[in-house]
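The values are calculated or read from the model by the stated rules, or taken from the named source; none is laboratory data. Quick caveat, the model's predicted, so the values are computed rather than measured. Glycine also receives a Cβ, built like all others from the backbone with ideal geometry; neighbour counts cover every protein chain displayed. Accessible surface areas use protein heavy atoms only, side chains included; no ligands, DNA or RNA. Shrake-Rupley method; radii C 1.70, N 1.55, O 1.52, S 1.80 Å.
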Amino acid sequence: MTGDSGHQRREEGSAAASVRARARAGAGAHPGLLWLRGGGRAMEACCETRKTSAHDGDRLTTTGIGDLSARYLMHTYSRAMIAPVRGSGVRVWDADGKEYLDFLGGIAVCGLGHCHPAVVAAVKKQAETLLHCSNLYLIEGQALLAKALLDGSPFGKAFFCNSGAEANEAAIKLARKYARMRHEDGRYEIVTALGSFHGRTLATVTATGQPKYQKGFEPLPTGFRYVPFNDVAALEKAVSDVTAAVLLEPVQGEGGVHVADEAYLGRARQLCDERGALLILDEVQTGMGRTGRMFAFEHFAIEPDAVTLAKALGGGVPIGAILARDEAAQAFTPGTHASTFGGNPLACAAALAVVETIRAEGLVERAAEMGRYLAGMLGALAGRFPQVAEIRGKGLMLGMEFGECEGDARGPAAPARDVAAACLGRGLLVNAVSDTTLRFLPPLVVGRADIDEAVSILEKAMGVMFG
């Protein structure tokens, strides 16, 4: 080894240690964003010293945005210290002008990429016409969007809301109302899987099979039962005469990008048919072409009674939906469920543009093709790094699982978080859903050159982290 190469290795080792430290402190979070840990006085000092440099012309810099966020926003997120202010396609630019390749897409929201011309045009046109209309009246865009989503599907009716959590909340209510309507025997229980994620409302966080999200909100609502994901025997034991619905994700996203077994979903369908319960699939993250099919359940030989949607549905504009078979949908009658902003003209215009663009540009097929390419590239990378244990997922919803890595003086190993932080510093946005799982959710418009660039950045980041 030459002197220069030895010096370079020491620098890279130092850089890796620095990245790990920042990752464990909040993925490079600004000191102001950690003020609840360090004390309000530290935040006051931080703001005072940066006030004179907080603006770049008429726009706040990243530092300025960080200062204001720490001072005025509730501390519900561990935010990285970047502030995207502009986006186009698969790229975003932060308040300081730095460019990032976005392989997170707002956590599967920007399916068409950032600011797709069709969505922008639809939103502009609708904003100049009618922004809001009460659901006391007919809404043209809502009817057109429902038709676009339902045609060619096994579902007959739609209900629109504002988010995935609201869609799952509506599904839970629909299941219980349907059980009362059909059986009149007090069925109420919702069976969900461990490792699942269904939202942050009190009911949907209870449906979520991860105690870490429920801690501190007890007592939780009753009527939920959890089973291990992909465990057919446990599912058979859990579904009973008091089961109103089985609620599952075809691919668990927040749980680590775990794909359901076909036999598991098939048995869930059979059990629901035998017991007269509804099978509801949470497609908030998997729907709208993400997995290489319009709906992820199309990969499996089953049809659910209802699916929930959100995220990519609005192309960045908040909207959620539940699509249900006609028989199940009959359980909702006037006054049983509603939403003030659900299905408003602006959100429906954006969502209709998304649906039409996905079909016109063949983005479902593209997601399947690019998903195979990305999985192959990640697999090749895994072959060069023994720390990678598995690449899993479907379409453009992929996870990289790291095996056991040794910790250090700063704490236990968190390879996925360390690599995500290292990628961030190099201009690639990905995220760690756990200490060991890195998640990739690029827009469906991603190309091979984008994937090559992302994998090149990832390889360099992993090279620094693992040597």
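What single numbered condition from (1) open to solvent by 50 Å² or more (accessible area, probe 1.4 Å); (2) free of Cβ contacts under 8 Å to residues at least 24 places away in the same chain; (3) outside the structural domain of Arg180 (by TED's automatic domain parsing) fails to hold for Met377?
The one condition Met377 does not meet is (2).
Inspect all residues belonging to the stretch 286-307 and state whether any of them is touching a residue at least 24 places away in the same chain (Cβ under 8 Å), over 30 Å from Leu144 (Cβ atoms) and not in a loop (DSSP other than H, G, I, E, B).
No.
Could you check how many residues of the stretch 256-278 are open to solvent by less than 70 Å² (accessible area, probe 1.4 Å) and assigned to a helix (DSSP H, G or I)?
So the count comes out to 8.
Collect the residues in the stretch 72-86 that are open to solvent by less than 60 Å² (accessible area, probe 1.4 Å) and over 24 Å from Ser434 (Cα atoms), keeping them in residue-number order.
Across the stretch 72-86, the qualifying residue is only Val85.
Gln387 versus (1) over 26 Å from Ser456 (Cβ atoms); (2) in contact with a Phe, Trp or Tyr (Cβ under 6 Å, 6 or more places away or on another chain); (3) open to solvent by 10 Å² or more (accessible area, probe 1.4 Å): which is the lone unmet condition?
All conditions are met except number (1).
Can you list residue pairs whose Cβ atoms sit under 6 Å apart, with the first residue in the stretch 316-344 being at pLDDT 95 or above and the second being surrounded by fewer than 16 Cβ atoms within 10 Å (Cβ to Cβ)? Count only pairs 6 or more apart in sequence or on different chains.
Once the first residue is at pLDDT 95 or above and sits in the stretch 316-344, its partners that are surrounded by fewer than 16 Cβ atoms within 10 Å (Cβ to Cβ) give Arg325/Gly156; Asp326/Gly156; Ala331/Met181; Asn344/His132.
Please verify whether the stretch 350-365 includes one or more residues that are open to solvent by less than 20 Å² (accessible area, probe 1.4 Å), more than 28 Å from Gly89 (Cβ to Cβ) and assigned by TED's automatic domain parsing to the domain that holds Met181.
no
If you scan the stretch 426-467, which residues turn out to be within 23 Å of the chain's Cα centre (by Cα) and aromatic (Phe, Trp, Tyr)?
Selection gives Phe440 alone.
Quick check, is Glu401 open to solvent by 50 Å² or more (accessible area, probe 1.4 Å) and farther than 22 Å from Ser88 by Cβ?
Answer is no for this residue.
Do you know which of the residues in the stretch 203-243 that are in contact (Cβ under 8 Å) with a residue 24 or more places away in the chain, among the β-branched types (Val, Ile, Thr) and assigned to a loop (DSSP other than H, G, I, E, B) is most open to solvent (accessible area, probe 1.4 Å)?
Val242
Hey, Ala432 hits all of (1) without any contact (Cβ under 8 Å) to a residue 40 or more places away in the chain; (2) over 30 Å from Val354 (Cα atoms) but one; which does it fall short on?
Going through the list (1) without any contact (Cβ under 8 Å) to a residue 40 or more places away in the chain; (2) over 30 Å from Val354 (Cα atoms), Ala432 breaks only (2).
Out of all the residues in the stretch 298-313, which are at pLDDT 95 or above and either within 14 Å of the chain's Cα centre (by Cα) or open to solvent by 10 Å² or more (accessible area, probe 1.4 Å) (or both)?
Glu298, His299, Phe300, Ile302, Glu303, Asp305, Thr308, Leu309, Ala310, Lys311, Ala312, Leu313
Confirm whether Ala420 is among the small types (Gly, Ala, Ser), touching a residue at least 40 places away in the same chain (Cβ under 8 Å) and surrounded by 17 or more Cβ atoms within 10 Å (Cβ to Cβ).
yes
May I ask you to list the residues in the stretch 380-401 that are part of a loop (DSSP other than H, G, I, E, B) and either of a type in the set (A, V, I, L, M, F, W, C) or not assigned by TED's automatic domain parsing to the domain that holds Asp450 (or both)?
Across the stretch 380-401, the qualifying residues are Phe385, Leu396.
Considering each of Arg180, Arg200 in turn, give the residue that is within 21 Å of Val257 (Cα to Cα) and surrounded by fewer than 19 Cβ atoms within 10 Å (Cβ to Cβ).
Just a single option satisfies the conditions, and that option is Arg200.
Just give me the residues in the stretch 308-330 being in contact with a Ser or Thr (Cβ under 9 Å, 6 or more places away or on another chain) and assigned to a loop (DSSP other than H, G, I, E, B), in sequence order.
Ala310, Gly315, Pro318, Ile319
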